[in-house]
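No value in this document is a laboratory result; all are computed from the given coordinates. Quick caveat: nothing in here was measured; it's all calculated off a predicted structure. Counting neighbours? That spans all protein chains shown, and the Cβs are built from the backbone with ideal geometry, glycine included.
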Amino acid sequence: MSRIEDTRVSSPIPARAGVGLKPEHYSEILETRPAVGWFEVHAENYMGAGGAPHHYLTAIREHYPLSVHGVGLSIGADAALDLNHLAALKQVCDRYEPSLVSEHLAWSTHDGVYLNDLLPVPYNAETQARVCEHIDQVQETLGRPMLLENPSTYVRFEGSDMSELEFLRGIVERTGCGLLLDVNNVHVSATNHAYDAVAYIDAFPHEHVGEIHLGGHADDEGDDGEPLLIDDHGSAVADIVWGLYAHTISCCGPVPTLIEWDNDVPEWRVLMEEATQADAVLSKPVLRHVAAE
Amino acid sequence: MSRLSETQTGFAHAVRNADAAVPEGVVSHLRDKPRKRFGIYRNNVYVSLINVLEGRFPVVARLLGEEFFKATARVFVEHHPPASPVLMRYGGAFPEFLETFEPVSDLPWLPDVARLEWAWNLAYHAADRDPISPEALATIDPASADSLVFELHSAVQVVRSPYPVVTIWSENSKDREPGQIDAGAGGEDGLIVRPGIAVDVRHLPPGGAAFITALSERKTLGSAAERALAEDESFDLQANLGGLIGSGAVVALETA
């Protein structure tokens with residue numbers, strides 16, 4: 001699918017750090033106009049008719065590029081996409097003209113019930129075909145390509161017969177979508193399933209990465225006392241994830257990078273420090289091919 | 001049924017039911033059916049939805065205390081899971097659920113407090129409209145005033161209660177300790193409005209609720225006033241009309 005250029009998008013997302021926009025920070029952002037590259041919002045929080053969320057996002061959008069991140073489309077569900085929800089997503093995109101639109105490789109709706117989590121899918125040809133149909137439908141409806149995010153997972157399926165990377169590559173080839181590489185998710189999933197996060201990043205299709213996410217996780221233990229990490233977006237980015245991020249940038253080159261902090265949201269200053277740290281990695285001289293040679 | 005559909009049906013069932021076994025085919029690298037790992041999904045679903053309810057019903061949560069509220073919300077989530085991923089719409093059935101939830105039956109005013117908080121949420125997200133200004137009253141021709149029909153802002157709601165619901169809500173919406181409230185002090189009616197982006201909750205005078213409800217049903221000003229007077233003979237039309245328009249509840253005046 002060729003890239004559909006939208007001439008109304010006056011400010012593409014720069015290859016800098018952005019921050020997930022939270023209502024707690026609306027006023028401070030408008031008053032102080034922090035030097036952050038862009039903001040990202042969860043589409044579902046702007047599907048109401050009016051009021052404060054739209055008031056503030058409209059004002060902030062005038063000053064910053066925007067990315068829209070869906071959390072409820074349930075692209076990985078076997079069931080058909082919810083057309084009302086897809087229409088609502090289109091409405092948010094039409095209204096705010098985001099430079100990037102992304103969703104998750106996950107499912108969350110089943111039999112008319114919304115399970116408010118990003119649930120895992122088995123990696124096989126059947127699931128892949130279903131996900132591709134759904135992504136085609138999303139891209140046709142929105143009239144633009146979307147980015148698909150790699151998940152953090154806690155279990156695997158016996159029914160999986162391909163790796164996550166094979167699964168994602170096939171989707172990119174068949175739908176022309178881009179990828180949102182969540183580096184924290186890579187660390188979480190690699191730890192939880194005992195594989196090498198660096199090797200995963202090395203083998204990731206770098207040329208299709210349109211955005212990176214960085215967030216916090218919590219430490220736990222699995223059923224057999226093994227290390228288990230939980231992707232909770234409730235703390236600072238861990239040092240080990242910063243290291244993996246620097247490696248990722250050396251592979252992909254500079255890519256717009258989001259600081260995601262959705263629970264126990266801290267003061268703006270804390271998010272700004274995280275964004276500054278990401279910007280420092282992004283602006284380092286590019287050593288991208290050194291590791292490979 | 002496709003294999004994927006079968007997998008997801010089993011997964012969803014086990015996520016929603018705490019006693020269910022880990023579904024067939026779910027594994028970790030170390031074992032089949034890892035119960036603790038699977039429990040993370042179950043926990044994420046419940047805890048996140050309970051947190052949504054806690055944010056939506058902060059006064060109910062304060063009145064019940066955190067632990068009791070979370071236990072109550074968990075039972076609600078079990079029986080009334082959200083149908084939509086747009087979670088700003090979740091919780092409309094909570095007030096009615098509280099009516100029938102035995103552990104809170106000794107707090108008969110609690111469902112009405114929840115109704116007020118739900119109305120607040122609806123008002124917060126209601127469509128934007130500019131209200132008419134109080135000066136518009138002066139332009140009304142007294143001869144035709146009775147036949148006026150009011151268009152109210154979509155945020156406007158009335159919550160009526162046999163308990164002092166507005167006082168309970170406002171005392172418990174502040175950062176400080178609430179003052180003493182006599183739950184048997186008589187009923188209160190609340191008006192929820194949102195003229196700009198800030199939601200406002202007002203205590204309605206006698207007859208006010210009947211008056212606004214009639215106007216919202218597109219009754220003429222004359223018949224709305226009659227209905228209010230029939231309910232309470234101390235109803236003051238001038239004061240109620242001024243209060244309603246002054247609160248930003250009216251977006252247009254039309255002649256019937």
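Numbers for the structure displayed
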read-out: Two-decimal log10 I(q)/I(0) for region B:129-256, as the Debye equation yields it once each C-alpha is a single scatterer, q = 0.10, 0.15, 0.21 Å⁻¹; value: -0.33, -0.71, -1.23
read-out: Shape of region B:186-256, Cα gyration tensor, a/c cut at 1.5; value: oblate
read-out: Residues A:R174 and B:E151, FRET efficiency given R0 of 60 Å [Cβ-Cβ distance, rounded to 0.05]; value: 0.70
read-out: Mean Cα-pair separation over length for region B:129-256, i.e. relative contact order, pairs under 8 Å, 6 or more apart, %; value: 39
read-out: Estimated 222 nm signal from helices in chain B, with DSSP H stretches of n ≥ 4 weighted -39500 (n - 2.57), rounded to 500; value: -14000 deg cm²/dmol
read-out: Modelled label reach - B:L107, point 7 Å along Cα→Cβ, region B:76-91 residues with backbone N closer than 14 Å; value: B:76
read-out: Cα gyration tensor shape of the protein assembly as shown, rounded if a/c is under 1.5, else prolate or oblate by comparing a/b with b/c; value: prolate
read-out: Positive-end residue, region A:164-240 charge dipole about Cα centroid, Cβ charges, pick of A:A197, A:G225, A:C177; value: A:C177
read-out: Debye, to nearest 20: dipole size of region B:94-236, +1 on Lys, Arg Cβ, -1 on Asp, Glu Cβ; value: 320
read-out: Cβ-derived FRET efficiency at R0 60 Å, B:D175 paired with A:S163, nearest 0.05; value: 0.70
read-out: Relative contact order (percent, whole number), chain B, Cα cutoff 8 Å, 6+ residue spacing; value: 18
read-out: Per-pair calculated FRET efficiency, R0 = 25 Å: A:A79 and A:A125 via Cβ, rounded to 0.05; value: 0.85
read-out: Charged-residue dipole, Cβ positions (Lys, Arg, Asp, Glu), chain B about Cα centre, Debye nearest 20; value: 1700
read-out: Gaussian network model of chain A, springs between alpha carbon atoms under 10 Å - residue of A:R269, A:R130, A:R169 with greatest fluctuation; value: A:R269
read-out: Chain A: calculated mean residue ellipticity at 222 nm from DSSP helix runs of at least 4, using -39500 (n - 2.57); value: -11500 deg cm²/dmol
read-out: Cubic angstrom per residue, convex hull over Cα atoms of region B:25-87; value: 109
read-out: Overall form of chain A per C-alpha gyration tensor (a/c, 1.5; a/b vs b/c); value: rounded
read-out: Neighbour-count ranking [beta-carbon atoms within 10 angstrom, fewest first] of A:L228, A:L179; value: A:L228, A:L179
read-out: Ellipsoid equivalent to chain B - semi-axes via the Cα gyration tensor, in Å; value: 46, 21, 14
